Structure formats: structure tokens, C-alpha cells
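The values are calculated or read from the model by the stated rules, or taken from the named source; none is laboratory data. Here the structure is a predicted model, which means the values were calculated and not measured. As a convention, Cβ positions derive from the backbone with ideal geometry for all residues, glycine included, and neighbour counts pool all protein chains shown.
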Amino acid sequence: MVRDGIRRRRAHHRLVRPPRTRPAGARTAVRAGLSRGAVRAVQFAHRNLILHRDIKPSNILVDGEGEPRLLDFGIAKLLDGTDAQQTQTLAFTPAYAAPEQLRGEPATTASDVYQLGLVLYELAAGVPARRAHEVARARADADTPLPRVDQAFGALTVQTPDGADRIARERGLGVERLRRSLRGDLGRIVAKATAADPRERYDTAQALADDLERWADGRPVAAHRGTLAYRLRKLVRRHRAATAIIALLALGLVASTLFAVHRAAEEREQRRAAEAAGQRADQQRQRAEILLGFMNDMFRQADPQNAAGAEPTATQMLERAATALETRPDLDAATHAALLTQVADTFNSLFLPERAADSAQRAVNLLEPERERLPDEYLASVGILLDALQMLDRSDAQLALVEHALPVAPRSERQAATWTAHLLKFRGAARCSHGDFRDCEADLRESRRLIESTPDASAAGLAVGLNQLAVLLNDEGNAAEAVDLLRQALAALERDATAPTASRASLRLNLANSLAAQGRAGEAIALIEKGLAEPLGLFGSDAPFFEAMLRRSLARAKVLHGEYAQARALLAASAGAMPADNPGLPRHASQTHLVAARIALDLADPATALAEIEAAHRDVATENDAGATLLQLRVEVVHADALLRSGRCDLALPRWRAARARLDASIGATPSWIGAEIDDGLGRCALAAGDTAQAEAAFAKAIAGFAAATGEASPWTVRSRIHRLWAQAMASRDAALLDRLDEARDALAAALDGSARAQVWQTDLLIEALSSELRVPLDRSRAERAGQARAAFAALTGRPVAFRDGLTGFN
């Protein structure tokens, strides 16, 4: 067989690097390469009953004129079936094989179309077919469709930005422009050609070539199920000048007519709005008069001269008011609902959510038939009911009510964004209760955005939304952002003189907890002590619960400050302040045991820590909402640390790995101190096993996680840096690393507001032990620090202590 001589220029290289005389860009490359040569060659072979079966870039050469030549018909197969008795072998290249070929089924013309599509895929996006196949098979099986060509190139821009830039430049385009091109009709052509099901591909190679020609000419393509709008866009792009002239003429003809119609409609709308405003004003005036009369009746009943017996309490007055409303047939539905909503709001203020929910539900039921006409009144009642449901932890009912009410929010003429934000805040809280953290966070962030974009937004509403988002982030372990959000929330309340004092107190407590999570114990202690100095009666029946939380949080901050005796006393007071019938008791008790376990670990007493952790497990085991899920993860992490310090890495490792899987399922890749603490623990177990390389890698992940969640200079981050230096010194035996450990020790003392802290003493003892391991004599300063550390621990524990497993944590 004789053929023309061709310089060995593979299609892959020639087509993506066109000569300077050829217009640059992916469109020219694909059109010149496939539609003018290779695809025609395949179609010619098919017409002559020949299958190629091994089409790939290395089998396409380009001659000096830029024409592709399809080569290597050595494994081609006749379509007449005469070789049906031949032994079947791998007559294809697996990376460019169609799914049916990989399954061992006979090749068809659709198989060649698939391979042409793969070549086009590679030329368009620069992603080799082998890699695209690997991604598809990793997701499922051989029948799984390839990733869309624009997705493949998008992934490349993330994984290897320089490579993506090079591919785009070779095609004469920028990265973003190439990605947009691949997202359009070219991507649809590639997807149709490489469909997993042969029936969904182009019927013939010629059909593929025709679609490529249509795409290159800017015409509608067969791969796009074109709507009228799609075809119109294509027509306009091909005839821009004519379209512009026609459009100008049409605009000129209709402009005057539209102006006249608009003016008439505007005048009618102004008259209608004025009439509606007058009606609303009359209704509001009538309701105000009824409300004043209703309030006068309530006060007359409370007058000692009219009351039979003792003066009624606020709760009794509200109950009488709710009952009296049922005997008022003269009230229209909207007025009746407004009064019930006011009663329900007051019940909520008195921390009586059951009674609030009953009155608010009646108000919502009254307004349900009128919700399209009276959206603001309806949503006001819904908001009060949602407040009560949230206090009652009825997250299922809360979520259902939000979904039912959300479509009404846009109907409000003046407060559509505010109502939407309000409802999203409640939906986010309900989703958090269900453990759906990612959607919860998305709702809370969108609520915040809407409120901040509303000029007359309520400061209290903004503060509540910021607080909810901050609590979620702090529970997830992202204390740095939580602190910023809580400071914004407090600033918003300071601008609102009517904001409840209880709201400020709650925000300060949450801010103190987030500061403590960053290791900023001094700031946390000051905030909590300020809260304890204020009267707690403003919390009503929840005052004992709030006091217990204040004392527990103060105990945690005192542990960070190294004040262990005071911390133990505060934990005892916290347990005594908590009412036995409070529904928050199990979680509060679990967190109290967790602080006690941390004290035991700081003082080298893992046995006591394990006992406290077992109690923490029992208290929170039956809880199943979001806060409990994250608390359970915290308990698991501390449990694994206590097992490590008891010499049981074999038991600690499965707990850390299970906690990691559960955390990833809850919050995904969100930075979290919980995830970073797991990485740090895995590193310490690896170091205990002598695997310094694995330990260094784990500590590096922990440093990155802590830095993102708590800040670069937080005690968490510095602690993991100390652990990595420890691993590096064990691996390299480099005594110079002791100097870097000295620097890290000083950074830890600065982060903890002082050197008289357990973790700083542990670092001094670690440096002493490492010096001995490296056979480096202790200098005077290090020896003095180690001696002071031993004396401090002896004073706290009454016995010698050792920390062979790294520094304890701060959670």
C-alpha cells in the first residue's frame, strides 16, 4: 500500500497550535481539523461498510496544507458480519473506547462517532480522554456520562491554573472566554457525540460534521433542542446590522403609543393608590380605636377596686384578654387577628410560648383566607407564631409554616424583603435543628443580606439574624467569623433604644463563648462577669437557666486562664443553679462534664477525664438536633484525646475517624476547629507510632484548619505549630528546631495572655524532653522554665506529671 508522504505532525499538536496564517481560536481549530477532514474520512469509511474502531489524536496526522489524514485502519472491521467467527480481542485503545466496547459488545458506527466526540472533547478543553474517563468511572460505572466539557475545563482552572491558561492561549482565547465557549453549543455537540447511550449520539459521522459546520457559522445546532428564543438569538447574531435597523424603526413607531398608554395607566394607578391608602387609613383608625377600648377594659379589670381578691398578675390579665376576644362577634377577622397577635407577642415576652402559640395560631387561622389581600397582617401573626414554635423546639411545625408563608412575602408592598429575611431566618433555625447545617447557613446568610440591604431594617431583627448565624458558626468551630458577627449584632442593638436588655445579655454571653473558643479568655471573663453583675429577673422563668449558662461559660474561660480551683467552684454553682425540670438540663450537664474533663486533662489525669466524658456521653446521647450533634462531636474529640493520653491510640483512632466522617457529612469542607483538632490528634497518634512523615502532614492540615477557623495567632493554631516542630525535630534530629520551639512557646504565652498557663508549662516540659532526646544540654533559661513548670503542676496536683503526648486543647 502506498500513500502520500506526511510529516509526522499529530492532530492534537497541529490543531491546538494553528500556524500564524490561520485565524486563532478553538472554533477555527475544530472546524479545520474535524469537519474538513477526519469526520469526512470516517463517514466515507462508514459508507463503504468499514468501522475504524480506534479513532484517537495519534491516528490523525496533519499535512503541510493543514488537512487532517485519518490513519491506522489496521483494526478496522467490515460491517457485513463476515468476521463474526473470529476470536474477539481488544481491538481498540481503552482510553478512547466507547462504553459498549468496554462492555465487550460489538462496535457500531455509533462507536466511531463516540471516539470522534472524545477527540473533539480533548481538542476543545485540553483535557485528555483518559482523565475524563477516570472521573466518570470514579463516580459510577462505564455507562456514566463524561463530565461536561466546560466542567472539565473549569476543574482544570482550579487544579492547574497555569495549565488552563496555556490551553486557552493556544486557542487564542482567554480562560473565561474559552470556558463560556465550551458552555454553549460546542459543549452540547460534544455531549451528544459522547453520550453513554449509543441511541442518543449522532446517527452518522456526517451529522456530527454538519452540526460542527452549523456551530462554526453561528447557526442553530441539532444538539440544542432549540426554542424560538434560541433560534431568534442565532438569527440576530448572523444579521446584526439588519436587525439593528429594524429594531430602531419599530421602536420609533411604538414609542409615542407607549408613552400615551403609560401616562393613562399611571394616572389610573395614582387614583387607585390614593383610594386604597384612604381605605387603609380608615381601617387602621378603626382598629386603633378598638385596641384602645380593649386595653382600657383590661386595665379596669386589673384595678384593685374592680378586681375580686388579689391584684391579677400579667399572665392572668393576658389569659382574660384572650378569653374575652372569643366573645367579640363585632370584630372583623383582621382586627380580631391583630388583637390575638398582640396577646401572643406579650405571652412570648413573658416566656410563655405554649400560650403564645395558641393565640398566634388562632390569629393565623383567621387571616389565612385573607392572606393574599392582607399580607402584612398575616405575616405579622406568622412571625409571632414562629417565635413561639422556636422556643418550644417544634422545628417540624416551624419549617412547614415557613414554607407555607414564604410565597406571601413578595405580596407586601413595603416590606417584601424584610418579611422574606424574617422567614428565612426561621427556616435556617429549623434546618439547623434537623442537622442540615449547610442549608441552614445559606438561609441565615441570605436573611442577613436582605436585612442589610433594607434601609429601614429593624436593628433588633438584624441582631437576631446575626446572632443565630454566629452561634451556628461557633458550634461548627468557626469562632473567628462568629466573633465579628456578634460584635455587629451588639452594635446594632446599641443603636436601638427599644431593644430588650435580655437580648443584649444573651448576645454578650454568646460573644464571650466565641472569644473563649479563640483562646481570648481575658475578654471572655470580663463580659461574663459583667453579665453576672446585672439583674437576671429580666429573663423571667428562664433566669436560673441563664445564670447556670453564665457560670458554666465563666468556668470554661477560667480554665483557659489556668484558674482551676475557681473553675471547679463555678461548675458546682452552675449545676446547682440549673432547674431540674428545664428541658436544657441534659445538654447543659453534658457541657459541664466536658469542662470538667478538660480540667482533668490539663492536669494529667486522663482517668478522671474519661469518667467525666462517659457522663457527658450519657447526658447528650438522646438529643438529636443540630446543637446536640455538634456537642456530641466535641465530646467524641475530647474522648479520643483522653484515650490517647491513656496510651490507647488503638481506641482513639477509630473515634477520631468516625467523628471526621460525621463532621464531613454535617458541614462539608467548612473550616472548623473540630476538624482541625481531629487532624492534630491523628498527628499525635502517628508520632507516638514513630511515623514522623504522617505526623507532619496531619499537623500541617491542623494548622491550616485552625488558622481559618480561629485565626493565625490563636492558641489553637500556635499549639499545632508546636506539635509540627516537635515532629520535625524527631525526624531530622536538628537541634536548631529547639530555638524555633522557644519562639512558638512565647507566641503561645502571648495568645493565652500569660505564661502561667497549663499549655505553656507543657511546652516547657516538651522542650526539656526533646533536648534530652536530641542529646542537647539544657541552657539555663530552658532549665529554669522546666523547673517552674514541674513546680506549678505539683502545686495543682500534688504529684509529678508528664506530658508525653503533646499539649492539651482548649475546647
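Which residue, of Ser772, Ser755, is small (Gly, Ala, Ser) and either closer than 23 Å to Ile599 by Cα or touching a His at 6+ places or on another chain (Cβ under 6 Å) (or both)?
Answer to the check: Ser755.
Across region 396-421, which residue is nearest to Thr454 (Cα to Cα) among those that are part of a helix (DSSP H, G or I) and small (Gly, Ala, Ser)?
Top of the filtered list is Ala417.
Could you please let me know if Leu752 is in contact (Cβ under 8 Å) with a residue 12 or more places away in the chain, closer than 21 Å to Gly519 by Cα and under 42 Å from the mean Cα position of the chain (by Cα)?
yes
Among Arg745, Arg782, Arg757, Arg804, which is surrounded by fewer than 19 Cβ atoms within 10 Å (Cβ to Cβ) and among the charged types (D, E, K, R)?
Arg804
Give just the number: which of (1) surrounded by 13 or more Cβ atoms within 10 Å (Cβ to Cβ); (2) closer than 26 Å to Glu677 by Cα; (3) not polar (S, T, N, Q) does Val776 not satisfy?
(2)
For the structure I just gave you, tell me whether Thr797 is surrounded by fewer than 22 Cβ atoms within 10 Å (Cβ to Cβ), polar (S, T, N, Q) and within 20 Å of Arg645 (Cβ to Cβ).
Yes, satisfied.
Somewhere in region 79-94, is a residue assigned to a loop (DSSP other than H, G, I, E, B), closer than 22 Å to Ala205 by Cα and at pLDDT 70 or above?
yes
Here is a check on your reading of the model: is Glu452 in the same structural domain as Arg371 (by TED's automatic domain parsing), surrounded by fewer than 20 Cβ atoms within 10 Å (Cβ to Cβ) and either closer than 29 Å to Glu529 by Cβ or acidic (Asp, Glu) (or both)?
Yes.
Do any helices (runs of 4 or more DSSP H) lying entirely in region 432-515 carry at least 2 residues that are farther than 23 Å from Ser395 by Cα and either charged (D, E, K, R) or touching a strand residue (DSSP E or B) at 6+ places or on another chain (Cβ under 8 Å) (or both), and which ones are they?
In region 432-515, the matching helices (runs of 4 or more DSSP H) lie at 437-452, 479-494.
Of the conditions (1) crowded, with 19+ Cβ neighbours inside 10 Å; (2) of a type outside the set (D, E, K, R); (3) modelled with pLDDT of 80 or more; (4) assigned to a loop (DSSP other than H, G, I, E, B), Pro106 fails just one. Which one is it?
(1)
Any idea which of (1) over 18 Å from Thr808 (Cα atoms); (2) modelled with pLDDT of 85 or more; (3) surrounded by fewer than 16 Cβ atoms within 10 Å (Cβ to Cβ) is the one Pro583 doesn't satisfy?
Failing condition for Pro583: (2).
Step by step: first the residues of region 547-580, then only those that are free of Cβ contacts under 8 Å to residues at least 60 places away in the same chain and outside any helix (DSSP H, G or I), then the one that is surrounded by the most Cβ atoms within 10 Å (Cβ to Cβ). Which residue is that?
Ranking the candidates gives Met578 first.
Within region 48-68, take every residue that is charged (D, E, K, R) and more than 51 Å from the chain's Cα centre (by Cα) and give me the one that is nearest to Gln115 (Cα to Cα).
Looking at the filtered set, the residue picked out is Asp63.
If the requirement is being touching a residue at least 12 places away in the same chain (Cβ under 8 Å) and surrounded by fewer than 18 Cβ atoms within 10 Å (Cβ to Cβ), which of these qualifies: Ala769, Ala792?
Exactly one of Ala769, Ala792 is touching a residue at least 12 places away in the same chain (Cβ under 8 Å) and surrounded by fewer than 18 Cβ atoms within 10 Å (Cβ to Cβ), namely Ala769.
Here are Gly683, Gly705, Gly675: which of them is in contact (Cβ under 8 Å) with a residue 60 or more places away in the chain and either under 14 Å from Gly809 (Cα atoms) or in a helix (DSSP H, G or I) (or both)?
From the options Gly683, Gly705, Gly675, the qualifying one is Gly675.
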